[in-house]
Each structure stands twice: as structure tokens, then as C-alpha cells.
Amino acid sequence: MTFATWVNGLISGLNTIVVPVLFAFAAGAFLYGIAKYFIFNAADPKAREQGRSFALWGLLGMALLFSVWGLVSVLLSTLGLQ
């Protein structure tokens, strides 16, 4: 096993297992925040603020994951480690 195949396997595992799980957590936080903002505690301003915060951080997490995933793909294709 060469170093290139080891790195390729590691990055492939991260791209197929870890990134989708992290994305699911971010999407879950976003959906939980939306539900908390609109449904669960619509009358309580403090709870609505917490829901808004959850939704914002979930959305930022998804945007960050998409950008890092894209940068990793560009890096892999540049280095020829597909």
C-alpha cells in the first residue's frame, strides 16, 4: 500500500461517511430550529430566539460543509487523487 492509496482511501471514507453524517446533523439542527421557531413555542419570544439561533447555526453549518466539500473535491482533482 502506497501513501497515495492510503490518503485516497482516507479521503474517500471521509467523503462517503463523515461528511453526510455531519450534514445530517446540520440539517437536523436547522429543521429543529424552524420547528421551534414556528410551531413548538410560537408565543414565547425567548424560545423563538433560541429556535432562530438553531436555524441560523444549522444553515451556517450546511453552508460551511458544502464549501469545504467543494474545496476538498477541487484539491483531490488537482492532485489526481480521485
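Read-outs throughout are calculated quantities, based only on the coordinates presented, and are distinct from any laboratory measurement. Note that the structure is predicted; figures quoted are calculated from it, not measured. For neighbour counting, all protein chains shown are included, and Cβ atoms are generated from backbone atoms with ideal geometry for every residue, glycine included.
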Applying the span-like rule to the chain (DSSP H, Cα extent along axis at least 20 Å, Kyte-Doolittle mean at least -0.5) gives 19-35, 45-79
In Å, the Kirkwood hydrodynamic radius from C-alpha pairs for the stretch 15-77 sits at 12.5
Here the FRET efficiency for LEU79 versus ILE34, based on Cβ atoms and R0 = 30 Å and rounded to 0.05, is 0.15
Length gained if PHE25 through ASN8 is fully extended, taking 0.36 nm per residue and subtracting the Cα-Cα distance, is 3.6 nm
The chain: relative contact order from alpha carbon pairs under 8 Å, six or more residues apart, as a whole percent, is 31
